[in-house]
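The values are calculated or read from the model by the stated rules, or taken from the named source; none is laboratory data. Because the structure is a prediction, the values reported are computed rather than measured. Here the Cβ positions follow ideal geometry from the backbone for every residue, glycine too, while neighbour counts run over all protein chains shown.
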Amino acid sequence: MNELISSLSPLGLTFLISILACSIIGLTVSLYKFYKLFLNKAVSPTCEAATINFEQLNPEVYSDQLALYLKNQNSKDKSQLTALAEAKGRSYVLAWESGLNVLEVIVTIAPLLGLLGTASGLLGVFLGIGGEGGEANNAEIASGISTALITTIAGLGVAVPIVIFHSSFVRKIEILKSELEQIGAKIIQQISA
């Protein structure tokens, strides 16, 4: 491993460190989103029951927060409750989607940083070929090739898992939105009855 890093050009090492920073940020955001979307409950068993018992709601769960919010509005007007539920639901969706833009940026820039490392490595190769007195400098050529390959692999190695995480988070948010819409309609039906 030390040989690989020592074979990098200083510019290639800069790109590799930038890719590593993208990896750390992407992993941190992915772990946080996984915890918030997959490990936290969005819909409680209380709201899934045939009749919602407003005394047993858990304010930590999104569906229960929505039920309590709508119940506290002291309104029986379906259209007003629907508008309030939609507004509250949008705030939940915004919270669920927070951080996804960071993953999108990392997916975009990590391969580009790898490509910049590739270009800098190839530049080193060409400088090694056209060395002093027209002789090829094998050390510079090898350093340029290793910089090109390592930064390309690192950039793609960061982007591919982040794309997978991002896709799974977007899909989970769609599922949560659908569940919350169904629960919201049920809550409104019970409150307005």
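Contact map, region 1-16: first residue within 21 Å of residue 159 (Cβ to Cβ), second residue modelled with pLDDT under 80 and among the polar types (S, T, N, Q), Cβ cut-off under 9 Å, separation 6 or more or different chains; pairs are 8/143; 12/143. Within region 14-36, the set of residues being closer than 17 Å to residue 166 by Cβ and surrounded by fewer than 19 Cβ atoms within 10 Å (Cβ to Cβ) comprises 24, 25, 27, 28, 31, 32, 34, 35, 36.
Just name the residue that is nearest to residue 21 (Cα to Cα) out of those in region 75-90 that are within 25 Å of the chain's Cα centre (by Cα) and either among the basic types (Lys, Arg) or surrounded by fewer than 14 Cβ atoms within 10 Å (Cβ to Cβ) (or both).
90
Note on region 104-152: among residues that are more than 30 Å from residue 169 (Cα to Cα) and of a type in the set (S, T, N, Q), the one that is modelled with the lowest pLDDT is 137. Cβ separations smaller than 9 Å between residues 6+ apart or across chains give the following pairs from region 156-176 residues that are under 16 Å from residue 35 (Cα atoms) and touching a residue at least 60 places away in the same chain (Cβ under 8 Å) to residues that are surrounded by 14 or more Cβ atoms within 10 Å (Cβ to Cβ) and polar (S, T, N, Q): 162/23; 162/30; 165/30; 166/30; 169/30. Within region 91-118, being buried (at least 16 other Cβ atoms within 10 Å of the Cβ) and either of a type in the set (Gly, Ala, Ser) or over 30 Å from residue 150 (Cα atoms) (or both) holds for 92, 96, 99, 110, 114, 117. Of the residues examined, residue 143 is not one that is crowded, with 18+ Cβ neighbours inside 10 Å, within 31 Å of the chain's Cα centre (by Cα) and assigned to a helix (DSSP H, G or I).
With respect to the conditions (1) at pLDDT 95 or above; (2) crowded, with 18+ Cβ neighbours inside 10 Å; (3) under 30 Å from residue 66 (Cβ atoms); (4) not small (Gly, Ala, Ser), residue 176 falls short on a single one, namely (1).
Is it the case that region 156-171 has a residue that's polar (S, T, N, Q), out of contact with any Leu (no Cβ under 9 Å at 6 or more places or on another chain) and either part of a helix (DSSP H, G or I) or modelled with pLDDT under 85 (or both)? Outline the logic, then answer.
Of the residues in region 156-171, the ones polar (S, T, N, Q) are 167-168.
If we keep only those that are out of contact with any Leu (no Cβ under 9 Å at 6 or more places or on another chain) too, we end up with 167.
From the residues that got through so far, the ones that are either part of a helix (DSSP H, G or I) or modelled with pLDDT under 85 (or both) too are 167.
Scanning region 156-171 turns up at least one residue that is polar (S, T, N, Q), out of contact with any Leu (no Cβ under 9 Å at 6 or more places or on another chain) and either part of a helix (DSSP H, G or I) or modelled with pLDDT under 85 (or both).
Within region 52-72, if we keep just the residues that are in contact (Cβ under 8 Å) with a residue 40 or more places away in the chain, closer than 15 Å to residue 192 by Cβ and not charged (D, E, K, R), the residue that is surrounded by the most Cβ atoms within 10 Å (Cβ to Cβ) turns out to be 67.
Highlighted here are the helices (runs of 4 or more DSSP H) found entirely within region 1-99 that include at least 2 residues which are closer than 24 Å to residue 109 by Cα, at pLDDT 90 or above and β-branched (Val, Ile, Thr): 10-34.
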